[in-house]
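Provided herewith is a single structure, encoded as structure tokens, for subsequent inquiry.
The values are calculated or read from the model by the stated rules, or taken from the named source; none is laboratory data. Here the structure is a predicted model, which is why all the values come from computation and not from measurement. Note: ideal-geometry Cβ built from the backbone for every residue, glycine included; neighbour counts use all protein chains shown. Remember, those area values only see protein heavy atoms, side chains included, never the ligands or the DNA or RNA. Shrake-Rupley method; radii C 1.70, N 1.55, O 1.52, S 1.80 Å.
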Amino acid sequence: MKRLIVVLMMIMTALSAVAKNDWKGKVVDVNGDPVAYATVAVLSKTDSTIVCGAMTQVDGTFNIVTKENDGIMMVALLGYKTVFLTPVDGALITLADDSTLLESAVATAIIPKTKLTGEGIQTGVRGSILENVGTAKDVLSKTPGIVKSANGIEVIGKGAPLIYINGHKVNDLSELDRLQSNEIQSVEVISNPGAQYDATVKAVVRIRTIRRQGEGFGFDLNASDAQSLRWAKGNDQNAAINMNYRTGGVDLFAGVNFAGNTFLQQSYLEKASFGRKAGEDWLFENKGDLEGVFFGKDVYGNTGVNYQIADSHFAGAKVEWGRKLQNDVTTTINDNVYENGTLIDRLTTVSDDSLSDKPSYNIGTNLYYNGLFGGKLGVDVNLDYYGNANNSISVSEEVSEMSQDARITSDSENVGRMYAAKAVVSYPIWMGQLQVGTEETFSRRSDEYYISGIDIPASRALVREDIYAGFASYGFMLPKAGMFNAGVRYEYVDYLYEDALDPDSNIPRRYGNWFPTFSYAGSAGPVQLMLNYSAKTRRPNYDNLSSAIRYNSRYIWQSGNAQLQPELSHNIGLTAIWKFVTMMVNYTRTDDAIMAWSSPYGNDGVVLVKPRNIDTPYRYLAAYVNLTPTIGIWTLNYTLGVQPQWLTINAPDAREESGYRVTKFNDKPMFMGELFNTFSFKGGWQLELGATVLSKCYTQNIELTRAYCDITAAIQKTLLKDGSLILRLEGADLAGLARQDANTDFGNHTIVQTNRFDTQKIKFSLRYRFNTANSKYRGTGAGTDTKSRL
């Protein structure tokens with residue numbers, strides 16, 4: 001791969017040497033903001049054939065070097081009117097929105113403009129109702145293509161995305177709480193990431209902020225307090241301060257964030273295990289209550305420098321760190337235990353998990369260079385290091401009315417390290433842009449687990465994983481036809497699992513895979529269309545690869561699975577945009593899907609929970625429509641969708657003669673709706689009313705048996721002439737209906753569970769900024785998937 005890049009650079013240099021004319025320029029929109037990835041081509045005056053071309057850079061600049069002495073210059077990008085002009089060196093070219101595609105957005109400035117970019121869906125925030133909704137997280141939750149779930153921000157049908165702000169990857173999601181909505185220019189949702197991204201990346205969100213001018217010192221301050229309406233101890237406190245200093249081409253920045261979080265879960269569970277004992281059918285049941293309480297405190301920080309060496313040449317360094325100050329979890333389980341219908345025990349288990357004396361932390365560094373040579377050859381290099389440590393102790397006190405009491409203690413130490421490098425070279429060829437690159441990731445993870453009070457073996461495991469990747473992609477736009485992009489990525493994985501206390505369990509594995517991607521974006525009259533395909537993978541988290549058995553309670557043990565195989569998915573998607581209507585359909589098939597699985601462990605009622613690969617394909621379809629009309633002061637943002645799935649599992653069941661039972665999770669699709677209403681008033685006042693509704697459904701091998709409804713409201717006031725002070729009061733789950741109950745069927749083991757969570761909260765937040773300027777940092781990072789798995 002490195003030789004390929006060197007050869008390519010030599011060819012590009014040779015091509016440049018024979019050229020005669022050098023036409024440079026810049027492409028901007030009607031607001032004066034740079035337009036990236038627009039096609040700039042020189043056409044022959046005689047027959048209008050394409051002589052040569054280029055694609056604009058992120059800053060909107062282009063450079064065409066050609067032997068052609070005369071011709072017609074064409075500038076085109078989907079969503080804008082195509083411009084034809086006489087080639088002039090140093091031209092500033094303005095592209096206007098295509099009124100046939102954006103008719104409704106042009107009619108009123110308050111509706112967010114949504115258009116296709118060739119890679120995804122871009123929504124304009126500046127000048128729209130989204131400009132004053134709060135933080136970046138609030139903007140994302142109301143952006144077409146994104147939904148807010150119990151797990152956080154998710155791209156429809158793709159799960160949690162990688163998020164970039166001005167080109168740098170967001171590793172600390174609290175950064176989304178610190179970035180204010182009125183600092184955002186646009187949000188681009190990419191549901192089909194190209195070959196330059198890790199093959200595990202299924203979705204990307206790129207946030208672009210408004211350019212701020214000026215130098216000197218600036219800062220922004222954010223603080224919030226959220227109080228539970230059901231639990232007096234449920235109080236979440238967050239505070240952050242970010243500072244920057246600019247002078248000349250140097251940008252220094254630093255920040256610190258404190259997060260205090262609490263969580264309460266109250267559940268009732270009925271668990272049943274089936275088997276054969278002494279030649280007879282055997283049934284073991286646990287019925288009782290569970291209460292889980294969490295108190296956590298964390299502190300995060302970052303500091304770095306960005307240096308503009310010269311025009312189009314940047315370098316920088318950044319350090320990010322985090323430290324757990326408190327991580328206390330108390331779980332209380334009251335169980336009635338039955339064997340073949342007869343009560344054999346009443347058991348109360350209280351487990352306290354907390355940090356050990358050894359620190360739990362994470363630290364990451366990034367070094368980058370980003371440059372443009374000769375106005376055409378782009379080079380982007382990133383070097384990354386990431387390390388973390390999680391050290392905890394657990395004490396379980398078991399009090400039995402009908403058998404022996406017990407005290408179980410355990411000590412867990414996990415340490416991870418990762419080194420990664422990524423290099424990308426880009427060059428305009430014909431009507432588009434060619435990218436080639438390489439990425440290498442080297443990671444090590446050690447897990448030590450010791451337990452006393454029960455006969456479970458200790459474990460000292462080491463996971464070593466090295467990933468070598470090469471990729472290439474080419475994108476171009478044909479006038480009146482559309483934008484095409486195709487790429488391919490190859491990843492080779494060298495994996496080794498070792499257990500120092502059990503050498504017979506060592507597992508070496510080496511494998512390689514190709515991951516192609518393709519996308520097309522065009523228009524049919526006033527309708528914008530995008531069609532894409534991609535192949536992706538999902539590798540198991542390192543926690544899931546440890547075969548050590550972890551003790552949760554007398555009857556629930558947990559383990560990883562060192563023999564887990566990575567998932568492989570194929571996805572086809574279609575997106576259409578017409579005026580304020582956006583429609584998306586995605587179909588995904590996944591082989592070797594990784595799912596949690598519970599099964600009896602011996603004949604004493606113990607259940608072992610561990611991940612496994614499903615040997616049948618998991619398929620699902622996600623179809624959604626988003627509507628964003630404005631009626632006077634009222635702006636609607638409604639997302640309605642349905643997600644059916646097809647999953648059949650041959651589950652082990654000792655009651656069946658064959659030893660297996662077919663379980664199906666097919667006939668209950670998920671219906672969802674997100675209904676957000678924003679009312680804008682004079683004087684900086686804004687009122688928001690919203691609801692998120694989910695139906696009963698199947699999701700993978702789980703049946704959700706209760707409909708979910710989260711009613712939200714917020715009132716916001718913007719103060720000071722420059723809008724630098726914002727006060728916001730909001731409420732979540734105001735009706736107390738944000739609950740989900742679940743049933744699971746694992747063949748030999750079933751679980752029926754009802755849940756109540758601490759989700760009814762009132763939150764007050766304050767945001768203030770002084771002379772802030774967005775960071776120029778351009779480091780995109782390397783080894784992003786491995787960081788999250790560590």
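May I ask you to say which residue of A199, A195, A240 is in a strand (DSSP E or B), surrounded by 17 or more Cβ atoms within 10 Å (Cβ to Cβ) and in contact with a Lys or Arg (Cβ under 8 Å, 6 or more places away or on another chain)? Full working, then the answer.
Numbers: A199 fails: in a strand (DSSP E or B); A195 fails: in a strand (DSSP E or B).
The unique qualifying residue is A240.
Right, something else. Return the total of residues in the stretch 634-660 being assigned to a loop (DSSP other than H, G, I, E, B) and either more than 30 Å from H749 (Cα to Cα) or free of Cβ contacts under 8 Å to residues at least 40 places away in the same chain (or both).
Filtering the stretch 634-660 for residues assigned to a loop (DSSP other than H, G, I, E, B) gives 644, 647, 653-659.
Subsequent filtering for residues that are either more than 30 Å from H749 (Cα to Cα) or free of Cβ contacts under 8 Å to residues at least 40 places away in the same chain (or both) retains 644, 656-659.
Of the residues in the stretch 634-660, 5 are assigned to a loop (DSSP other than H, G, I, E, B) and either more than 30 Å from H749 (Cα to Cα) or free of Cβ contacts under 8 Å to residues at least 40 places away in the same chain (or both).
Let me ask something additional. Considering D172, D177, D220, which residue is over 28 Å from T588 (Cα atoms), open to solvent by 20 Å² or more (accessible area, probe 1.4 Å) and within 13 Å of the chain's Cα centre (by Cα)? Can you show your working first?
On the way: D177 fails: within 13 Å of the chain's Cα centre (by Cα); D220 fails: within 13 Å of the chain's Cα centre (by Cα).
Answer to the check: D172.
Here's another thing I want to ask about it. May I ask you to verify whether A535 is in contact with a His (Cβ under 9 Å, 6 or more places away or on another chain), open to solvent by less than 20 Å² (accessible area, probe 1.4 Å), over 30 Å from V395 (Cβ atoms) and not polar (S, T, N, Q)?
On the way: in contact with a His (Cβ under 9 Å, 6 or more places away or on another chain): yes; open to solvent by less than 20 Å² (accessible area, probe 1.4 Å): yes; over 30 Å from V395 (Cβ atoms): yes; not polar (S, T, N, Q): yes.
Answer is yes for this residue.
Please list, ordered by residue number, the strands (runs of 3 or more DSSP E) wholly in the stretch 661-720 having 1 or more residues that are without any contact (Cβ under 8 Å) to a residue 24 or more places away in the chain.
Details: elements: 670-680, 685-694, 697-699, 702-704, 708-719.
Counting at least 1 such residues, we get 685-694.
Right, another one. Residue by residue through the stretch 605-619, note down the ones that are in a strand (DSSP E or B) and open to solvent by 30 Å² or more (accessible area, probe 1.4 Å). Give the derivation first.
At the first step, the residues of the stretch 605-619 found to be in a strand (DSSP E or B) are 607-613, 618-619.
Answer for the stretch 605-619, where residues must be in a strand (DSSP E or B) and open to solvent by 30 Å² or more (accessible area, probe 1.4 Å): V609, K610, R612, N613, R619.
Okay, moving on. Any idea how many residues of the stretch 296-313 are touching a residue at least 40 places away in the same chain (Cβ under 8 Å) and open to solvent by 50 Å² or more (accessible area, probe 1.4 Å)?
Initially, the stretch 296-313 is screened for residues touching a residue at least 40 places away in the same chain (Cβ under 8 Å), giving 298-309, 312-313.
Okay, now just the ones that are also open to solvent by 50 Å² or more (accessible area, probe 1.4 Å), so 300, 303, 305, 307-309.
Residues meeting the conditions: 6.
Okay, moving on. Just checking, which of T718, T759, T692 is farther than 30 Å from G605 by Cβ, touching a Gly at 6+ places or on another chain (Cβ under 6 Å) and not acidic (D, E)? Break it down into steps so the answer makes sense when it comes.
On the way: T759 fails: touching a Gly at 6+ places or on another chain (Cβ under 6 Å); T692 fails: touching a Gly at 6+ places or on another chain (Cβ under 6 Å).
So the residue among T718, T759, T692 that is farther than 30 Å from G605 by Cβ, touching a Gly at 6+ places or on another chain (Cβ under 6 Å) and not acidic (D, E) is T718.
Sticking with this one: Is it fair to say L636 is crowded, with 19+ Cβ neighbours inside 10 Å and either over 25 Å from the mean Cα position of the chain (by Cα) or closer than 30 Å to T759 by Cβ (or both)?
Numbers: crowded, with 19+ Cβ neighbours inside 10 Å: no; either over 25 Å from the mean Cα position of the chain (by Cα) or closer than 30 Å to T759 by Cβ (or both): yes.
Considered against the rule, which asks whether it is crowded, with 19+ Cβ neighbours inside 10 Å and either over 25 Å from the mean Cα position of the chain (by Cα) or closer than 30 Å to T759 by Cβ (or both), L636 comes out as no.
Take the stretch 247-262 and flag every residue that is open to solvent by 20 Å² or more (accessible area, probe 1.4 Å) and assigned to a strand (DSSP E or B).
T247, V250, L252, F253, A254, V256, F258, N261, listed by residue number.
From the list V493, V488, pick out the single residue that is open to solvent by 30 Å² or more (accessible area, probe 1.4 Å), modelled with pLDDT of 90 or more, part of a strand (DSSP E or B) and within 23 Å of D592 (Cβ to Cβ).
Details: V493 fails: open to solvent by 30 Å² or more (accessible area, probe 1.4 Å).
Step by step, each of V493, V488 is checked, and only V488 is open to solvent by 30 Å² or more (accessible area, probe 1.4 Å), modelled with pLDDT of 90 or more, part of a strand (DSSP E or B) and within 23 Å of D592 (Cβ to Cβ).
Shifting gears a bit: Looking at (1) modelled with pLDDT of 95 or more; (2) not in a strand (DSSP E or B), can you tell me which one R230 breaks?
(1)
Mind counting the residues in the stretch 130-177 that are touching a strand residue (DSSP E or B) at 6+ places or on another chain (Cβ under 6 Å) and of a type in the set (D, E)?
3
Listed residues L478, L501, L529; which is open to solvent by 10 Å² or more (accessible area, probe 1.4 Å) and modelled with pLDDT of 90 or more? If you could, list the steps in order and put the result at the bottom.
On the way: L478 fails: modelled with pLDDT of 90 or more; L501 fails: modelled with pLDDT of 90 or more.
Of the residues listed, the single one that is open to solvent by 10 Å² or more (accessible area, probe 1.4 Å) and modelled with pLDDT of 90 or more is L529.
Surrounded by 19 or more Cβ atoms within 10 Å (Cβ to Cβ), of a type outside the set (K, R) and at pLDDT below 95, is that true of F681? Write out each step before concluding.
Values: surrounded by 19 or more Cβ atoms within 10 Å (Cβ to Cβ): no; of a type outside the set (K, R): yes; at pLDDT below 95: yes.
No, not satisfied.
Within the bounds of the stretch 444-464, is there any residue that is within 27 Å of Y369 (Cβ to Cβ), assigned to a strand (DSSP E or B), touching a residue at least 60 places away in the same chain (Cβ under 8 Å) and open to solvent by less than 30 Å² (accessible area, probe 1.4 Å)?
Start the filter on the stretch 444-464 by keeping residues that are within 27 Å of Y369 (Cβ to Cβ), which leaves 444.
Of the ones still in play, those that are also assigned to a strand (DSSP E or B) are 444.
Cutting the leftovers down to touching a residue at least 60 places away in the same chain (Cβ under 8 Å) gives us none.
Scanning the stretch 444-464, I find no residue that is within 27 Å of Y369 (Cβ to Cβ), assigned to a strand (DSSP E or B), touching a residue at least 60 places away in the same chain (Cβ under 8 Å) and open to solvent by less than 30 Å² (accessible area, probe 1.4 Å), so the answer is no.
Okay, next question. Name the residue that is farthest from the chain's Cα centre (by Cα), counting only residues in the stretch 22-75 that are aromatic (F, W, Y) and at pLDDT 75 or above. Explain how you work it out, then say what you get.
Initially, the stretch 22-75 is screened for residues aromatic (F, W, Y), giving 23, 37, 62.
Checking the rest, the ones that are also at pLDDT 75 or above come to 23, 62.
Working: W23: 40, F62: 32 Å.
Checking each candidate, the answer is W23.
Ok, one more. Looking at K610, K536, which one is basic (K, R) and within 21 Å of G157 (Cα to Cα)? It would help to see each step written out before you state the result.
Numbers: K610 fails: within 21 Å of G157 (Cα to Cα).
Residue meeting the stated conditions: K536.
Conditions: (1) over 30 Å from T66 (Cβ atoms); (2) in contact (Cβ under 8 Å) with a residue 12 or more places away in the chain. G432 meets all but one. Number of the miss?
Result: G432 passes all but (1).
Determine which single condition G316 fails, assuming it passes every other condition in (1) open to solvent by 50 Å² or more (accessible area, probe 1.4 Å); (2) modelled with pLDDT under 95.
With (1) open to solvent by 50 Å² or more (accessible area, probe 1.4 Å); (2) modelled with pLDDT under 95 applied to G316, the lone miss is (1).
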